[in-house]
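To start, the structure itself, in structure tokens.
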Amino acid sequence: MNILIIGSGGREYSIALALKDDEQVDKIYFAPGNGATCDLGENLDISDFEELSLFAKNNSIGLTIVGPEAPLVAGIVDVFKSYNLTIFGSSKLASQLEGSKIFMKNFLKKYNIPTAAFIETDDKKVASEFIDTLSLPIVVKADGLCGGKGVIIANSREEAKKASSDMLSGESFGDAGKSIIIEEFLDGYELSVFAICDGENYKLLPAAQDHKRLLDKDLGPNTGGMGAYAPTPLIDENLYKEIEEKVVKPTLYGMKKDGIPYEGVLFMGLMIVDGEVKVLEYNVRFGDPECEVLMPLIKSSVFDLFYKGATGNLDNLNIEMSDEYAVGIVMSSKDYPYKSSIASEIIVDEIVLDELKEKAHIVYAGVSREDGKLFASGGRVLLCIGIGKNIKEARDLAYLMAGQVHFAGKHYRTDIAYQALS
Ligand code: AMP
Ligand code: GLY
């Protein structure tokens, strides 16, 4: 069957790589895709959900997979389903788990899922009084989607009060900050855990770790993610069990009970505090770059996983994971994440080493194409992925690959997976 992938990043490129050799998959379309996805299929210049649904109807699209959160929160799944199309992703109402931090926190509270103590408010005075009761640092979060920038970790009460009043006045994030969450700071280590869900059943994938800061040693500004690896040794069988019992099962139960069964990828941003799991946030999609390291580790059919997820049939699916590890290094453009950079041509050396040919690959993200050449045109341009018997081997291959890739102003961290290797 034909597949439609919504999105344009490395996440969507890596999903296509995992699908393209599956015998059940014919042609892959991307909307909108990027300058390299056209090597894996065909890019479409359509963004309207009704128009996309008609395209899917008329082009034998048997499965649509939604990468990013924005179309999910805007209700693409509901529109496709109204045309009886099969689509993998969460409904508009279920996507509030990511689209509204207040919805999410109240859901966690209602179903006793562990999370940081918090209040929600739209009142500066209430915010200020609660801030006075918390110890430092203090976390202030805008309710709505802010492109990953809506969380402030304040090191003084004054800073927390200023952040909350700037949000509430609409100054920092417009309407997305008109209501806020103020919560206690959790001190631990973070894990990203993903469950593929069909409304009732789920399949848990191995935990991955992202690297949010721009520079080595976790310095510099926050980014969308500068690299990831999976599986991480920071989790053991007991912790997986605890995550399933305390987070995944009650989430699926609660969503179903509330009449908005959860279908799609449930991304749990977790903080492990003294061995106990707490939910920082949910996202309703794969993490990027986490997706890029998880996809090559799924040995069974990725098509089956998404298709059965989209059709309520995950209970009779066995997924088989590779026993290897994957490390992904993000290469970003010169001025990321501050501003866009001048597009520069990407040159990849001819790959001559067999181990690189077999155990490494490039995932393209912020790239455009002109006269057949690829240009670095976005913030996060591409990823070099290495696969190995252990994390060190995978990381060495990813960095070896990174040495073969050139464009003006390229930047990457040199310490991806350091927590697993130290
Ligand atoms: P969120 O979008 O809610 O995941 O927040 C973005 C990042 O802020 C997280 O990945 C954490 O690194 C950090 N963060 C959010 N909430 C807390 C908290 N309560 N305690 C400590 N760090 C937090
Ligand atoms: N890598 C984190 C995210 O996609 O939100």
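Rule-based calculations on the coordinates, nothing more; no lab input. Everything numeric in this text was worked out from a predicted model, so none of it was measured. Here the Cβ positions follow ideal geometry from the backbone for every residue, glycine too, while neighbour counts run over all protein chains shown.
Tabulated data
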read-out: Cross-link table K57/K249; K20/K81; K125/K278, entries beyond 32 Å C-alpha to C-alpha; value: K57/K249
read-out: Amide H contacts of K212 (H built 1.01 Å from N, under 5 Å, at least 5 apart or other chain); value: M226
read-out: Calculated FRET value between K357 and E184, using beta carbons and R₀ = 56 Å, to 0.05; value: 0.70
read-out: Nearest-20 debye value, region 354-422 charge dipole, Cβ charges on Lys, Arg, Asp, Glu; value: 160
read-out: Furthest towards positive pole of dipole, Y282, L374, N112, structure part the chain, Cβ charges; value: N112
read-out: Residues of type lysines that K410 reaches as a straight line, Cα spacing below 16 Å, ignoring anything fewer than 8 places off in the same chain; value: K334, K339
read-out: The chain: equivalent-ellipsoid semi-axes (sqrt of 5 x gyration tensor eigenvalues, Cα, Å); value: 32, 26, 22
read-out: Computed lengthening from E200 to D22, 0.36 nm per intervening residue step minus Cα-Cα distance; value: 61.5 nm
read-out: Against the rule of thumb 2.2 N^0.38 Å, how large the Cα Rg of region 334-373 comes out; value: 1.53
read-out: Cα gyration tensor shape of region 171-275, rounded if a/c is under 1.5, else prolate or oblate by comparing a/b with b/c; value: oblate
read-out: N106-I347 FRET efficiency (beta carbon distance; Förster radius 35 Å; 0.05 resolution); value: 0.10
read-out: Amide proton proximity set for V273, modelled H, under 5 Å, gap of 5+; value: K278
read-out: Kirkwood estimate for region 72-183, i.e. one over the average of 1/r between Cα atoms, Å; value: 15.0
read-out: Separation between Cα centres of region 40-110 and region 197-276, rounded to whole Å; value: 21
read-out: Relative contact order of the chain, defined on C-alpha pairs under 8 angstrom at six or more residues apart (%); value: 16
read-out: Nearest-0.05 FRET efficiency for D45 and D315, computed from C-beta distance (R0 45 Å); value: 0.70
read-out: Segment N222-D274, length gained on full extension (0.36 nm per residue, minus Cα span); value: 16.2 nm
read-out: Equivalent ellipsoid semi-axes - Cα gyration tensor, region 30-119, angstrom; value: 32, 15, 10
read-out: Percentage relative contact order, region 280-362, counting C-alpha pairs under 8 Å, at least six apart; value: 26
read-out: Cα gyration tensor category, rounded, prolate or oblate, for region 217-353 with a/c compared to 1.5; value: prolate
read-out: K57-D166 pseudo-label distance in nm [points 7 Å out on the Cα-to-Cβ vector]; value: 4.8
